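See structure below.
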Amino acid sequence: PDNKIQCNYTYSLQQAVQDGVCRNPKIVLIDNEEISVTTEKKETKTFTSLQSLLKNPLITYQELIKHEAVINYIIAQGVNKLASIRMYNNNAAGLIVAASVEHAEQIFSVLTTVFEQSAIIVTYKETNPSDKINHFRFSNTQWIVSVGMVSEGTDIPRLQVCCHLSRVKTELYFRQVLGRILRVNDASNQEAWLFTLAEEKLSLF
């Protein structure tokens, strides 16, 4: 009557964690209390949070996730966390969800040159992206950088860290991305960490 699906039974993430089916996710929302933006007129404006910054027309969310300082900081958090997990699970891996092919290439360059990580890119431009994903699933490569290819249905249980840098900010997509690191396997460490910006919608989700 109210145009909503009425379920006879729902199985929540909380139940799945309690049953040992899913990992218990830790979500890190990255913010900053001292943000400075220099305008084209060489004026400097300061903001006390990302949410207040993004309510101003000076910069968009799409520009923010492509900013070098933002990329470097989020990747650093992911790399450090993955390194600590790999002390126990030597084949644990991380996923970075990019906004575009160019964005993925930018992230890949930072990962491999600045942080000296092993990584692959998977985008719609590949001839056989599923083959690259399958190879990554059983490899020891540390990171996979994706533009929408590693979404719902992709099963890579060794993924335990995710950096969400996509321009897509819907709840469904957020749940799909988070779900990539929740699959339990037989490793000794079952941590699951997602790093993203404290943007208003993502914070709500």
Could you check the simple spin-label distance between Val28 and Val101, using points 7 Å along Cα→Cβ, in nm with one decimal? 3.2
One can check that the equivalent ellipsoid of the range 73-124, built from the alpha-carbon gyration tensor with semi-axes equal to the square roots of five times its eigenvalues, has lengths in Å, largest first, of 21, 12, 9
The simple spin-label model distance between Leu204 and His135, using points 7 Å out along Cα→Cβ, in nm, is 4.1
Hull surface over four for the Cα convex hull of the range 27-85, reported in nm², is 4.7
When ranked by the protection proxy of mean other Cβ atoms within 10 Å per residue, highest first, what sequence do the peptides 121-131, 35-45 form? 121-131, 35-45
Taking the Cβ of Ile85 as the center, what net charge do the other residues with Cβ under 14 Å away carry, scoring Lys and Arg +1 and Asp and Glu -1? +4
Tell me the mean residue ellipticity at 222 nm calculated for the chain from its helices only (DSSP H runs of n ≥ 4, each -39500 (n - 2.57), averaged over every residue, nearest 500). -9000 deg cm²/dmol
I'd like the distance separating the alpha-carbon centroids of the range 43-78 and the range 129-196, in whole Å. 24
When we measure straight from the Cα of Lys66, which lysines land under 17 angstrom away, once same-chain ones fewer than 8 places off are left out? Lys169
Within 10 Å of each candidate Cβ there may be at most 12 other Cβ atoms; applying that plus a DSSP loop requirement, which chymotrypsin sites (Phe, Trp or Tyr not before Pro) in the range 16-120 survive? Tyr88
Count the DSSP beta bridges whose two residues both fall in the chain, then state the antiparallel fraction as a percent rounded to the nearest 5. 20
In terms of modelled amide H atoms, which long-range or inter-chain residues lie less than 5 Å from the amide H of Lys26? Ala192, Trp193, Leu194
Could you list, in their original order, any pairs among Lys41/Lys81; Lys26/Lys132; Lys4/Lys81; Lys4/Lys201 whose Cα atoms are separated by more than 30 Å? Lys41/Lys81; Lys4/Lys81
Can you pull the percent of Cα pairs in the range 1-102 with separation above 15 Å? 77
Counting residues in the range 76-205 as N, plug N into 2.2 N^0.38 Å and put the Cα Rg over that result. 0.97
GNM, the chain, Cα, under 10 Å: largest mean-square fluctuation among His164, His67, His103? His67
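Every number in this text was worked out from the coordinates using simple rules, so none of it is lab data. Note that the structure is predicted; figures quoted are calculated from it, not measured. As a convention, Cβ positions derive from the backbone with ideal geometry for all residues, glycine included, and neighbour counts pool all protein chains shown.
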